[in-house]
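The next block holds one structure in the form of structure tokens; read it before the comments.
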Amino acid sequence: MTHELQGPEQDRAALLALIDRLAAAWSGDSLGAPSWLAPEARLDSNLHGQLGGAQDIQNALAADGRQGACTIRTSNRYAAAQGDDGVASFYAYGLLQNRNDAQQALLFGATVVLRATRTEGGWKVSHVRVSSSWMRGSDRLASHWLLPPSDAGWQVGDPPPVLVSELHSPWALQPIGTPPSDLFDAISELYSRYSFAIDQGDINLLIGSYTADIAGGFAPMGQYEGRHAVIGQLRSFRRHWPWMQHFAELVRVEADPDGRHANAIVGRIVPEQPMTPEGKPLYGAHYQLRARREEDGQWRFCWTDYRPGWFDTDSIPEFDIGHSTA
């Protein structure tokens with residue numbers, strides 16, 4: 001069967017829309033048949049187990065709110081297509097709340113990878129992979145789960161992980177394609193790749209997110225320059241934090257006149273407090289970032305600095321590129 005191929009931007013938008021459909025289903029907001037899923041779709045989840053069939057998958061996700069409300073938010077989104085095969089990934093942070101006692105709540109985080117297939121009716125998700133690495137709060141709300149690992153990380157007797165980045169990440173399933181033409185989208189995807197790599201300990205993927213002359217401040221470790229020093233320090237430092245997820249989103253970007261560089265500010269999302277009382281996005285820290293588009297057409301970070309401090313969309317920090325604070 002052949003299909004008329006759309007442009008990469010249209011495919012990317014359609015695949016990102018599938019992320020929204022999944023989040024809605026997980027939040028219990030999808031009624032009727034799960035049209036976003038292929039009929040023979042499969043789920044591999046360290047929360048829900050292994051399931052096959054679109055309706056069973058949607059039911060399993062929706063069941064997380066059976067004791068009350070389940071609210072799923074997403075960040076760190078990525079999507080790409082090659083021919084009729086699509087891939088996508090995102091971070092999800094969810095809140096379960098008891099309908100009879102609002103104080104009884106459970107906050108959790110997960111990394112999700114999707115595979116999708118183009119059909120006559122549009123893109124359909126064929127495989128969902130959910131890997132949760134942390135939770136906080138009342139675990140009674142998740143008594144139906146295969147519980148995620150503790151903060152101690154892997155223990156003897158644990159089953160194999162659901163997600164192995166070197167095998168299952170979007171960039172393992174498909175070669176990295178041409179970045180989006182829109183600069184905001186291109187830098188957003190670069191940050192999503194970087195965060196996926198560092199959170200999953202995928203060193204090769206992380207290497208490809210940095211230029212050879214990467215430099216900057218890497219709090220709390222200090223200032224470093226060059227892939228050797230940066231990658232080596234991050235690899236040693238990050239192994240002690242198996243539950244960490246860099247929930248974040250791009251909040252400001254500007255292109256350099258040379259056409260090869262861009263400055264960016266990425267806001268760090270804190271799942272426990274993602275919004276102001278007025279409902280505006282709230283961030284607990286930010287990254288000052290500089291990226292370079294190299295000869296292969298890929299954007300990579302060439303300078304970075306991490307800055308703690310709360311702000312919202314009305315008080316986005318100014319650019320301060322080249323000044324390391326670590």
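The values are calculated or read from the model by the stated rules, or taken from the named source; none is laboratory data. Since this is a predicted model, take the numbers as computed values, not measurements. When we count neighbours, we look across all protein chains shown, and the Cβ atoms used for this are built from the backbone with ideal geometry, even at glycine. Please note that ligands, DNA and RNA were not included when accessible areas were found on the heavy atoms of the full protein model with its side chains. Shrake-Rupley method; radii C 1.70, N 1.55, O 1.52, S 1.80 Å.
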Report summary line: Tilt, helix 8-26 to longest principal axis of the chain (alpha-carbon atoms), in degrees rounded to tens, equals 50 degrees
Query raised in the report: Which residue, 199, 151, 44, has the most motion in a Gaussian network model of the chain that connects Cα atoms within less than 10 Å?
Result: 151
Query - Table column - 3J(HN,Hα) (Hz), region 296-302, Karplus curve with 6.51, -1.76, 1.60, x for Gly and Pro - result: 7, x, 8, 7, 9, 6, 10
**Report entry** Between region 286-301 and region 125-183, the Cα center-to-center distance that results, in Å
**Finding:** 26 Å
Query - Percent accessible area from carbon and sulfur atoms, region 254-326, protein chains only, probe 1.4 Å - result: 49 percent
Report task. Mind putting a number on the dipole of region 179-256 about its Cα centre? Charges go on the C-beta only, +1 for Lys and Arg and -1 for Asp and Glu, and I need it in Debye to the nearest 20. Result -> 480 debye
Query - Dipole magnitude of the chain about its Cα centre (Cβ charges: Lys, Arg +1; Asp, Glu -1), debye to nearest 20 - result: 660 debye
Report task. Scan (i) 19.9, 69; (ii) 19.6, 62; (iii) 19.7, 58 for the value of Rg and Dmax of the Cα atoms in Å calculated from this model and give just the label. Result -> (iii)
**Report entry** For region 78-207, alpha-carbon Rg relative to the globular expectation (2.2 N^0.38 Å, N residues)
**Finding:** 1.22
Query raised in the report: Between the helical axis of 183-200 and the dominant principal axis of the chain, each derived from Cα atoms, what acute angle in degrees is found, rounded to the nearest 10?
Result: 70 degrees
Report summary line: the chain: antiparallel bridges as % of DSSP beta bridges, rounded to 5, reads 90 percent
Query raised in the report: Given a 1.4 Å probe and every protein chain left where it sits, what share in percent of the accessible area of region 1-92 is carbon and sulfur?
Result: 50 percent
Report summary line: Regression test value, accessible area per residue of the chain, probe 1.4 Å, units Å², expected 46 Å²
Requested in this report: Round to the nearest 10 and give me the degree value, 0 to 90, for the angle of helix 227-238's Cα axis relative to the longest principal axis of the chain.
Outcome: 40 degrees
Query raised in the report: What longest region of the chain stays clear of trypsin sites (Lys or Arg not before Pro) that DSSP places outside H, G, I, E and B and that have at most 16 other Cβ atoms within 10 Å?
Result: 100-238
